[in-house]
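Engineer: Mind having a look at this structure? Questions to follow.
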Amino acid sequence: MNYYNEIKNELVNNEVYKKVKDYSKNRSDLNTYYNVGRLLNDAGKKYGESVINRYSEKLMCELNKKYTERTLRRMRQFYILFSNQKWSTLSTQLSWSHYSEFLPLQNINEINYYIKITEEQNLSVRDLRNKIKNKEYERLDDKTKEKLIKKEENKITDFVKNPIIVKNRYDYKNISEKILKQLILEDLDDFLKELGDGFSYIEKEYKIKIGNRYNYIDLLLFNYKYNSFVVVELKVTELKKEHIGQIQIYMNYIDKNIKGMSHDKTIGIIICKHDNEFVMEYSSDERIFETTYAVN
């Protein structure tokens, strides 16, 4: 087999196809680069690693400067990474640039997670890169990762990250609850994404009356995907028993006075501190999810 001619034909046909059928260029790119990666892998086994450099020099001369040695190696890596996957499961909603972000990753379950959320959230390459950089998958609970692998049904709290990343844009040295709330509200969109999918903001310091006293819920949210209110309490200390008791009172109040007949039971999230991070803890009440925060 003349590997070089096969590779050249694949790339030329892809360039022509994309000009004629721009609407399906993602699929064309992925098919082509997968096939080129396979050919490069086979050629390397027969002729050695240096063959990629030689092919790159010829392709850049005869076709296009973009077919650098680095680009060809990424195509081969793309083939190796997905050769054990069903090709039909790869999303053609994602571009080659998206898939290139996955190449440094080794865990196929992690890659599948990022493919899934990129589809669902219509992530740009930049957004995807930020999620990978912030180790979003690694901050998921092990039980959630297992559910994803088994494709089991998820709960509202499954995708709350641990720790939650809170941007400290003013470089505060001492974080009080007031400052933590300020940092969250100033970067609210990213904070809601840290919690997971479907969260929307209702109000800060939501006022409720219990007995003869007024109390204030730090953040009241609603999750439209799971159809339930979400009470969020912020603590700059480690989790204490009284924190769980407090949020249970708030959740019960929302269930009794605010929740509609069609809504599911209210969920509670306690964001607390552990060492120098805001990290996750667990309570006996499965409606309450405790996570910690990391300020960066």
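Engineer: Looking at 221, 188, which is the one that is under 21 Å from the mean Cα position of the chain (by Cα), under 30 Å from residue 261 (Cβ atoms) and open to solvent by 20 Å² or more (accessible area, probe 1.4 Å)?
Structural biologist: Only one candidate qualifies: 188.
Engineer: Which one is farthest from residue 76 (Cα to Cα), of the residues in region 13-63 that are in a helix (DSSP H, G or I) and of a type in the set (Gly, Ala, Ser)?
Structural biologist: So, considering only residues that are in a helix (DSSP H, G or I) and of a type in the set (Gly, Ala, Ser), the one farthest from residue 76 (Cα to Cα) is 24.
Engineer: Now for a separate question. Just name the residue that is most open to solvent (accessible area, probe 1.4 Å) out of those in region 102-131 that are over 26 Å from residue 221 (Cβ atoms) and in contact with an Asp or Glu (Cβ under 7 Å, 6 or more places away or on another chain).
Structural biologist: 129
Engineer: So, one more: Could you tell me whether region 67-84 includes any residue that is open to solvent by 40 Å² or more (accessible area, probe 1.4 Å) and more than 16 Å from residue 100 (Cα to Cα)?
Structural biologist: yes
Engineer: Further, regarding this structure: Does any residue in region 215-227 that is among the charged types (D, E, K, R) come within less than 8 Å, Cβ to Cβ, of a residue that is open to solvent by less than 40 Å² (accessible area, probe 1.4 Å) and part of a strand (DSSP E or B) six or more places away or on a different chain, and which pairs are these?
Structural biologist: Taking only residues 6 or more apart or on different chains, the pairs are 218/232; 218/233; 218/234.
Engineer: If I ask for residues that are in contact (Cβ under 8 Å) with a residue 24 or more places away in the chain, of a type in the set (Lys, Arg) and open to solvent by 40 Å² or more (accessible area, probe 1.4 Å), which ones from region 156-185 would you list?
Structural biologist: The one that is in contact (Cβ under 8 Å) with a residue 24 or more places away in the chain, of a type in the set (Lys, Arg) and open to solvent by 40 Å² or more (accessible area, probe 1.4 Å): 167.
Engineer: Further, regarding this structure: Could you check region 65-161 for helices (runs of 4 or more DSSP H) lying wholly inside it with 3 or more residues that are under 30 Å from residue 229 (Cα atoms) and either at pLDDT below 90 or in contact with a helix residue (DSSP H, G or I) (Cβ under 8 Å, 6 or more places away or on another chain) (or both)?
Structural biologist: On the way: elements: 69-82, 96-102, 108-121, 125-133, 142-150.
So the answer is 108-121, 125-133, 142-150.
The values are calculated or read from the model by the stated rules, or taken from the named source; none is laboratory data. Since we're looking at a predicted model, the values are computed, not measured. Neighbour counts are summed over all protein chains in view; Cβ atoms, including those assigned to glycine, are modelled from backbone coordinates with ideal geometry. For the accessible areas, the whole protein counts, side chains as well, though only heavy atoms, and no ligand, DNA or RNA atoms are used. Shrake-Rupley method; radii C 1.70, N 1.55, O 1.52, S 1.80 Å.
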